[in-house]
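The values are calculated or read from the model by the stated rules, or taken from the named source; none is laboratory data. All figures in this text were calculated on a predicted structure; none of them were measured in a lab. When we count neighbours, we look across all protein chains shown, and the Cβ atoms used for this are built from the backbone with ideal geometry, even at glycine. SASA here: full protein model, heavy atoms, side chains in, ligands and nucleic acids out. Shrake-Rupley method; radii C 1.70, N 1.55, O 1.52, S 1.80 Å.
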Amino acid sequence: MFKKNDVCILEIDDIGTNGEGIGKVDGYTLFIKDALPGDRVEAKIMKANKNFGYARVQKILTSSPDRVEPVCPVASKCGGCQLQHLSYEKQLEFKENKVKNNLERIGKAKDFVMHPIMGMDNPYHYRNKAQYPVRMGNDGNIHMGFYAGRTHSVIETEKCYIDTEGNDEILKLIKENMIANNVSCYDEEKHKGLVRHILIRKGFATSEIMVCIVINGKTYPAAESLVTALTKIPGMTSVCLNVNREKGNVILGKEIINLYGKGYITDTIGDVKFQISPLAFYQVNPAQTVKLYETALKYAGLTGKETVWDLYCGIGTISLFLAKSALHVKGVEIISEAIENARNNAKLNHIDNAEFYVGKAEEVLPKYYDEQRAAGNNATADVIVVDPPRKGCDIKLRETMVKMSPERIVYVSCDSATLARDVEYFTANGYKLVEVQTVDMFGMGVHIETIVALHRTDL
Ligand code: SAH
């Protein structure tokens, strides 16, 4: 039995869900941060559970052939990236294998086509959105940057290699404004102090920038001078406050106070234009998003005659991408501001065959189905697209989807374990997993986006 502070030597042979290396010593599994498959390491156990433990690398005895020098000097301390020390090619291989394994093991799927992963041309500076925590450091200075892995101490980041270039300039201006006006930083433990986070979003196609200051209060004392400073930055289109007075980890509150601009920025994906509000979800990697949505369009197999549902539609991105090739699209989304964006986005693009509903997909769709049936209508759909958050689709939603018997289900997923669980449900209920495409939206991170096509087996 191993215990804390034991030192052992082992080979690493796998990568865990948080990017940590996994290896075994005498049958005991250890999760080791910053270790890679192919490494032989000397590691010290930090926490020993009965069947597995967590350890830290003391020394790399033999280095993995896939190990590379991270470009970012704080890569190993910062919680933002997990895989910078692994070559990008191997990151892609790891992600693709993870999805395939989950589909086969959890999803019990077989005989599907697994297309080669779509990797990024440049896996740096790809993010159009960043959320920087703001805290007072032990040195008495304001720190804006990233949480150190698994903790809430903030690492000051001069320059982040995955965020869009230029954010450092914006942070600098805000910091100067805070210092000049004696504006306090939020203190999580005491739940006191004002500025909690800074959210920056940029439309890569339009260069429009939004800055949203998340505050534990109702007003920012120097709002006017802050707007004056920020609007000197080319492209600054929207400056707002977000009120979050709750304790806990959730970054954004529900209330937005607009300080400058119309309260949204605009961006385009392919040839569709989108308005994006601070509270709405918008894919963070525009170069890869086009590939994802084009795959969704391909898997939907539209001819112009179809009724399509786009569940978890956000600001209507996929809905509007599909609308031009479908008879009618109905989008469902829980955040009302996002639906407001979606309706405006339809108008902006002169699309009049898309309508949007606010609510939970697992409530809106069953209600629609029951009402239509009660009225004597058949309530079927030709194609249903889903793009849920990590927890996947609620069972009530899955049941209704099967009842509506679409010919095709297109499932976009940011968590291949819940995707696999849902695929198993659909394959047990009259569908077949036909093809799978992984798209890397999060280079240097562990997450991976997957899109799959399921077809009704009786066709
Ligand atoms: N398809 C969109 C958004 C995908 S992200 C795009 O590609 O941009 C998932 C979305 O689901 C988010 O907008 C989130 O607000 C929404 N959401 C979360 N839970 C939901 C639920 N139960 N019902 C409907 N929408 C939900």
From (1) surrounded by fewer than 20 Cβ atoms within 10 Å (Cβ to Cβ); (2) under 21 Å from the mean Cα position of the chain (by Cα), pick out the condition that doesn't hold for Q84. (1)
Would you be able to tell me the number of residues in the stretch 360-381 that are part of a loop (DSSP other than H, G, I, E, B) and touching a Pro at 6+ places or on another chain (Cβ under 9 Å)? 2
When every residue in the stretch 357-375 that is closer than 20 Å to L279 by Cβ and of a type outside the set (D, E, K, R) is compared, the one nearest to the ligand (Cβ to nearest atom) is A361
Looking at the stretch 1-28, which of its residues are in contact with a Gly (Cβ under 9 Å, 6 or more places away or on another chain) and open to solvent by less than 60 Å² (accessible area, probe 1.4 Å)? F2, D6, L10, I12, I15, G19, I22, Y28
Would you be able to say whether some residue in the stretch 396-415 is modelled with pLDDT of 95 or more, part of a helix (DSSP H, G or I), within 14 Å of the ligand (Cβ to nearest atom) and open to solvent by 10 Å² or more (accessible area, probe 1.4 Å)? yes
Given the conditions (1) touching a residue at least 60 places away in the same chain (Cβ under 8 Å); (2) open to solvent by 10 Å² or more (accessible area, probe 1.4 Å), which single one is not true for H143? (1)
Restricting attention to the stretch 29-63, report how many residues are open to solvent by less than 20 Å² (accessible area, probe 1.4 Å) and more than 29 Å from the chain's Cα centre (by Cα). 4
Residues being crowded, with 23+ Cβ neighbours inside 10 Å, farther than 17 Å from Y293 by Cα and more than 13 Å from the ligand (Cβ to nearest atom) - total across the stretch 322-356: 0
State whether one or more residues within the stretch 287-310 are part of a strand (DSSP E or B), more than 14 Å from the ligand (Cβ to nearest atom) and either aromatic (F, W, Y) or at pLDDT 95 or above (or both). yes
